[in-house]
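The structure appears below as structure tokens.
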Amino acid sequence: MDYKKLINVALDYRNRAYSPYSNFKVGAAVLFESGKIYGGCNVENASFGATNCAERTAIFRGISEGETTIKSIAIVGSLNEYTYPCGICRQVISEFGDESIEVILAKSEDDYIIKDMREVLPGAFKKEALGK
Ligand code: THU
């Protein structure tokens with residue numbers, strides 16, 4: 001897996017953040033099983049609760065194009081510390097893959113750590129609980 005490439009896509013999308021309220025830019029890049037990568041940024045709203053995180057923007061872009069399964073996701077928020085996905089995004093990531101999804105938290109293409117979903121969302125609520 002080319003982590004640098006995925007992180008660079010996340011960095012690129014971070015520049016597209018629409019975050020006039022928090023001034024906190026986040027970029028995400030999702031590698032799907034197809035091999036395609038989709039980026040996303042956070043998109044805020046004057047009605048704060050309508051804000052969409054970068055991770056979900058990227059995932060929903062891919063799912064909308066027919067992607068089904070996430071292999072890896074890179075996230076860049078703060079450039080000084082690793083930015084972890086929020087609780088809602090952890091749940092959305094876990095919908096589209098198993099515990100082996102790689103979650104790459106990056107400050108730059110040379111400074112990153114890799115987690116998997118076992119660590120990021122242990123005991124996730126999954127479709128099996130609904131008999132699916
Ligand atoms: N944000 C993300 O885009 N992803 C996260 O995982 C954490 C939070 C965004 C939402 C909001 O635009 C800003 O960061 C501050 O919460």
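Here are some residues: I70, I104, I75, I63. Which one is more than 12 Å from the ligand (Cβ to nearest atom), under 18 Å from K4 (Cβ atoms) and among the β-branched types (V, I, T)? Even if it seems obvious, please write down each step before you answer.
Values: I70 fails: under 18 Å from K4 (Cβ atoms); I75 fails: more than 12 Å from the ligand (Cβ to nearest atom); I63 fails: under 18 Å from K4 (Cβ atoms).
Of I70, I104, I75, I63, the one residue that is more than 12 Å from the ligand (Cβ to nearest atom), under 18 Å from K4 (Cβ atoms) and among the β-branched types (V, I, T) is I104.
Here V30 meets the list (1) touching a Phe, Trp or Tyr at 6+ places or on another chain (Cβ under 6 Å); (2) over 18 Å from Q91 (Cβ atoms) almost entirely, failing just condition (2). Taking the range 1-120 as the region of interest, the helices (runs of 4 or more DSSP H) fully inside it that hold 3 or more residues being surrounded by 14 or more Cβ atoms within 10 Å (Cβ to Cβ) and under 15 Å from the mean Cα position of the chain (by Cα) are 3-14, 54-64, 87-95. Of all the residues in the range 46-60, those that are near the ligand (Cβ under 9 Å from one of its atoms) and over 18 Å from I104 (Cβ atoms) number 3. The listed residues are N42, N23, and the only one of them that is within 11 Å of the ligand (Cβ to nearest atom) and without any contact (Cβ under 8 Å) to a residue 12 or more places away in the chain turns out to be N23.
Here is a check on your reading of the model: is G77 closer than 21 Å to R14 by Cα and of a type outside the set (A, V, I, L, M)?
Details: closer than 21 Å to R14 by Cα: yes; of a type outside the set (A, V, I, L, M): yes.
Yes, satisfied.
Conditions (1) free of Cβ contacts under 8 Å to residues at least 60 places away in the same chain; (2) of a type outside the set (V, I, T); (3) closer than 16 Å to A28 by Cα, marked per residue:
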{"position": "T68", "(1), (2), (3)": "yes, no, no"}
{"position": "L79", "(1), (2), (3)": "yes, yes, yes"}
{"position": "V92", "(1), (2), (3)": "yes, no, yes"}
{"position": "L105", "(1), (2), (3)": "yes, yes, yes"}
{"position": "S108", "(1), (2), (3)": "no, yes, yes"}
{"position": "I114", "(1), (2), (3)": "no, no, yes"}
{"position": "F125", "(1), (2), (3)": "yes, yes, no"}
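For every residue, the table says whether it meets (1) on the phi > 0 side of the Ramachandran plot; (2) among the hydrophobic types (A, V, I, L, M, F, W, C); (3) within 11 Å of the ligand (Cβ to nearest atom).
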residue	(1), (2), (3)
E33	no, no, no
C86	no, yes, yes
D98	no, no, no
D110	no, no, no
G123	yes, no, no
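Scan the range 73-93 and give yes if some residue there is of a type in the set (S, T, Y) and either in contact with a Cys (Cβ under 7 Å, 6 or more places away or on another chain) or farther than 19 Å from A17 by Cα (or both), otherwise no. Before the answer, list the steps.
Applying the first criterion (of a type in the set (S, T, Y)) to the range 73-93 yields 78, 82-84.
Narrowing further to those that are either in contact with a Cys (Cβ under 7 Å, 6 or more places away or on another chain) or farther than 19 Å from A17 by Cα (or both): none.
Checked the range 73-93: no residue is of a type in the set (S, T, Y) and either in contact with a Cys (Cβ under 7 Å, 6 or more places away or on another chain) or farther than 19 Å from A17 by Cα (or both).
Computed from the coordinates by the stated procedures, all read-outs in this text should not be read as laboratory data. In this text the structure is predicted, and so the values were computed from the model without any measurement. For neighbour counting, all protein chains shown are included, and Cβ atoms are generated from backbone atoms with ideal geometry for every residue, glycine included.
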